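Have a look at the structure below before the remarks.
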Amino acid sequence: MSEKIVIIGGDAAGMSAASVVARDEESTAQVTVLEMGDVTSYAACGLPYFVGGDIEDSTTLLVRDQEFFTERGIDLRLNHEVVEINRNSKQVTVLDVRAGEKFDLEYDKLLIATGATAAKPPIPGIDAPNVFSVRHYNDALDLSGYLNMNTPKRVTVLGASYLGLEMVEAMRAQGLEVTVVEVAEQVFPMIDNRLALLLADELEKNDIGLKLGEAVTELVRGADGNIATVHTQSSNWPCDLVILGLGSRPTVDLARAAGVAIGPSGAIEVSDSLQTNDESIWAAGDCVATNHRITGGPVWIPLGPAANKQGRIAGARMIGKDVRFKGVVGTSLVKVFDLHAGSTGLTEAAALAAGFDPISCQITGSDIAHYYPGSKPTTIRLVVDRQTEKLLGGQVVGYTGVAGRVNVLATALHAGMTIRELAELDLGYAPPFAPVWDPILIAANKAVGSL
């Protein structure tokens, strides 16, 4: 009899796993995917750009539809929410959302790919009609619809991390007056403060109001029930629209209730085979903690590339393939108007907290040959372990070439390179693309001199 593989969640990790199983010529497993929403396999990272108007048609963000997966032998059931996992009977209880009926479904192997949900702290007023998150596809449709039907003039974005900064730019593109509130003393806390100042300058240059080091204490409703004023511990200002960009939380209630182990980060604990404490249950994507390749400890970093890779590996493991997910270095990118920023590995503060003896160096060079038309500054900051001389992390802020340079640093981290080895890299050069001494090499040589 064919094995029954049930997957909870039909986005990046879940559908990647299902596709691996369905494509395998040796596997006879029956794959059922249960997705509580009405879409699957959508490009969540593109949602801010749809809201901002860069992407005109939201359906272009739908990578695959239900028919695509059905044709490949995957039983994908949309609007089906798993409400309980019974590990003893190896069954899940499913609510057919549209029919309003429940039924049980047996599994031999189960994958939990429930993702993450938008962080929503208990701030008074946070449930008002004009407060929006942009975590899921329908969230973006709801916000876009609100903007089309109403005429807000002033928006407050809570949080200056990835999504918060992306939504700041999206709202500015829609012509709104934008204020961003961040409890940390800097924007984009994934990078060191000296580079974050460059991003803050770019925001202010684009007329964005910055409230750093402040926490929202209340969202005050007007007579119509919508938020009309934002209060922090030190100030208040009028507002017509609020967007939550406070990050996300792993969706683990279902797993926790079933006795699946949850780690200190609040995400599901898994091995490098993505297996949980139950030998019949795997987990992948934004709901799991994974190994950090630099610290060697568990970390929760909910990003799309890792979710897709984890899904593929979990699917392969469930059909007996010997593959493993070795971890992440936390590589990330963000666009702030004309300025781009990226980070990989550890910041200096994170390195200290992890027990390293770090040194940091920072340089500003030219992104291309300085004499070539259009050259602009690129700033690079490297973090190095004084004892082993290994690269621990790197950050890049500039106008062009940021992603490529961050990816070079991420590759160096994966390879376990020392700073001296990084300084010896044979990087590409041509005046329109890079200077003869790439900023990475300049920074690496400066770090070597500091050892």
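The values are calculated or read from the model by the stated rules, or taken from the named source; none is laboratory data. From a predicted model like this one, the values you see are computed outputs, not experimental measurements. Note that each Cβ is placed from the backbone with ideal geometry, even for glycine, and that neighbours are counted across all protein chains shown.
Here is how the numbers come out for the structure above:
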| item | result |
| --- | --- |
| Residue 301 being under 17 Å from the mean Cα position of the chain (by Cα), aliphatic (A, V, I, L, M) and not in a helix (DSSP H, G or I) | yes |
| Qualifying residues in the stretch 299-350 (those that are within 18 Å of residue 268 (Cβ to Cβ) and of a type in the set (Phe, Trp, Tyr)) - the one surrounded by the most Cβ atoms within 10 Å (Cβ to Cβ) | 325 |
| Condition met for residue 144 (surrounded by 18 or more Cβ atoms within 10 Å (Cβ to Cβ), of a type outside the set (Val, Ile, Thr), over 18 Å from residue 239 (Cβ atoms) and at pLDDT 95 or above) | yes |
| Per-region count, the stretch 195-212, residues part of a helix (DSSP H, G or I) and surrounded by fewer than 15 Cβ atoms within 10 Å (Cβ to Cβ) | 4 |
| Boolean, residue 287 is farther than 20 Å from residue 152 by Cα and in contact with a Ser or Thr (Cβ under 6 Å, 6 or more places away or on another chain) | yes |
| Filtered residues of the stretch 405-426 (kept if without any contact (Cβ under 8 Å) to a residue 24 or more places away in the chain and either in contact with a Pro (Cβ under 7 Å, 6 or more places away or on another chain) or surrounded by fewer than 17 Cβ atoms within 10 Å (Cβ to Cβ) (or both)) | 411, 415, 421, 424, 425, 426 |
| Failed item in (1) assigned to a strand (DSSP E or B); (2) over 15 Å from residue 51 (Cβ atoms); (3) hydrophobic (A, V, I, L, M, F, W, C), with residue 160 passing the rest | (1) |
| Odd one out for residue 144 among (1) among the hydroxyl-bearing types (Ser, Thr, Tyr); (2) in a strand (DSSP E or B); (3) touching a helix residue (DSSP H, G or I) at 6+ places or on another chain (Cβ under 9 Å) | (2) |
